[in-house]
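First up is the structure itself, then whatever we jot down about it.
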C-alpha cells in the first residue's frame, strides 16, 4: 500500500484528498504539526507528498527544501498560487509536479499514480497508462489530458486501452474487434471504423492530433 503525506492546512481540502486517496487503496496521512513537517515525514516515511505553498509558520518552499536535504521522495505542489513564477520556483526547489487549485480529484489521483510509477516502477500495480501526456486510468476508465477529463464511450475506452497496452506495436483490426465484441456473432467491420473515427475526432478536439495512426492493410498503432 502506497503512503501519501498531505501537507495542506485547509482541513476541508485535506480531508477530501485523504478520502479520495483511501478509495484508491492509499494509506494517507494529514500533517498535524506545521512547525515540524520534516518530523512527521520522517516518522511516516511516505512514498509521495502533496505540499501546499501557503502554510502556517513556514511556507511549502521551505519544507520542500528541508525534505530534499534528506530524501528524493516525489513531491507534488498543490496551490491556487499557480502563476508561472510560483511554478518555476516550486520546480527549482525540487518539486516533481505542480497542480493548480481547484483541481479535479481524478486528475490528482492520475498524476499521483503516474509519478509513483515513474519513480518506483510500479507499472504492474498502478492502473494508469500514459502516452504524450495523456493518462488513461484503468481504474475508472477516464482519459485525462492537460488536466481535463475527455469523456469516452465504452467502446472508445476499450479501443484506447488495447492500443496503449500495445504502445509501439501495430494492433490488427481483428484483435480490436475481438476486444470490443467478445461474441461469435458477426460484426460489420464498418462498426469498428466508425468507433475509431469518433475516437480520433474526440482526441483531435482535445489537442491530441494524430494520436492513433493507421497502418493500411494491417491495423492501428499508438507510437
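Summary of computed values
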read-out: Tally, over region 66-91, of residues that are under 15 Å from residue 37 (Cβ atoms) and either loosely packed, with under 14 Cβ neighbours inside 10 Å or in contact (Cβ under 8 Å) with a residue 40 or more places away in the chain (or both); value: 3
read-out: Hey, residue 184 at pLDDT 90 or above, part of a loop (DSSP other than H, G, I, E, B) and surrounded by fewer than 17 Cβ atoms within 10 Å (Cβ to Cβ) or not; value: no
read-out: Residue list for region 92-103, filter: crowded, with 18+ Cβ neighbours inside 10 Å, assigned to a loop (DSSP other than H, G, I, E, B) and without any contact (Cβ under 8 Å) to a residue 40 or more places away in the chain; value: 93, 96
read-out: Only one of 130, 165 that is touching a strand residue (DSSP E or B) at 6+ places or on another chain (Cβ under 9 Å), surrounded by 13 or more Cβ atoms within 10 Å (Cβ to Cβ) and modelled with pLDDT of 85 or more; value: 165
read-out: Among the candidates 199, 208, 192, residue that is part of a helix (DSSP H, G or I), surrounded by 12 or more Cβ atoms within 10 Å (Cβ to Cβ) and at pLDDT 90 or above; value: 199
read-out: Residue 55, sole failed condition from (1) buried (at least 18 other Cβ atoms within 10 Å of the Cβ); (2) assigned to a loop (DSSP other than H, G, I, E, B); (3) at pLDDT below 85; value: (3)
read-out: Filter result for residue 106 (in contact with a helix residue (DSSP H, G or I) (Cβ under 9 Å, 6 or more places away or on another chain), surrounded by fewer than 18 Cβ atoms within 10 Å (Cβ to Cβ) and either more than 12 Å from residue 60 (Cα to Cα) or modelled with pLDDT under 85 (or both)); value: yes
read-out: Selection from region 140-162 of residues that are within 18 Å of the chain's Cα centre (by Cα), surrounded by fewer than 17 Cβ atoms within 10 Å (Cβ to Cβ) and not in a strand (DSSP E or B); value: 140, 141, 146, 147, 151
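The values are calculated or read from the model by the stated rules, or taken from the named source; none is laboratory data. These numbers come from a predicted model, not from an experiment. Counting neighbours? That spans all protein chains shown, and the Cβs are built from the backbone with ideal geometry, glycine included.
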